Amino acid sequence: MIHVSTETTHQPGPILRMDCPNCNALGVEGVTYDVLQQERLLTFIPVGTTRWAEITCRSCGRVFRLKGTSADLASMTPEQLSDLVATEGMSYVSNIAKMFVVASFIIPGIGLIFALLALFATRRARSGWRTAAYVGLAVSIGLVALMFLATSSSNR
């Protein structure tokens, strides 16, 4: 079993005026936080860091996740801020793909499956992690082939 740990820290930011899409309140105060989430494989291998800002409507209590930091949001008007509000959850697909790539190097037999999952998770991305997934796949295939040859030659 592979252990993945997540550490999340919230840093308070300024209080801003916003137009809440949940309760339709105009110019209501919103409390902001900068959020940093760090994911680690086997508690010591850093896999991914995700940053975002959260703003909580003081009228209805709904929490919205926004791209950027609370300092970036401080200069925006309530109308501009409402355009950025995203009610959907954050996508952690890239961090999951990174964990699969790292696991493909650590666990040879199961790593082949992990490398394939990493390729599937990054199918739309054009990044270094997609290349690392290909390398992990090649290494996993090589290790599985070596294990197969070693077991077949020792049985003779």
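The values are calculated or read from the model by the stated rules, or taken from the named source; none is laboratory data. Not measured: the values here are computed from a predicted model. For neighbour counting, all protein chains shown are included, and Cβ atoms are generated from backbone atoms with ideal geometry for every residue, glycine included.
Residues that are β-branched (Val, Ile, Thr) and either assigned to a strand (DSSP E or B) or more than 17 Å from the chain's Cα centre (by Cα) (or both) within region 33-70 comprise 35, 45, 47, 49, 50, 55, 56, 63, listed in sequence order. Taking residue 26, is it at negative phi, part of a strand (DSSP E or B) and modelled with pLDDT of 85 or more? So residue 26 does not fit the description; no. The lone criterion from (1) surrounded by fewer than 13 Cβ atoms within 10 Å (Cβ to Cβ); (2) assigned to a loop (DSSP other than H, G, I, E, B); (3) modelled with pLDDT under 70 left unmet by residue 109 is number (2). Can you find even one residue in region 77-96 that is farther than 30 Å from residue 22 by Cβ, aromatic (Phe, Trp, Tyr) and at pLDDT below 70? No, region 77-96 contains no residue that is farther than 30 Å from residue 22 by Cβ, aromatic (Phe, Trp, Tyr) and at pLDDT below 70.
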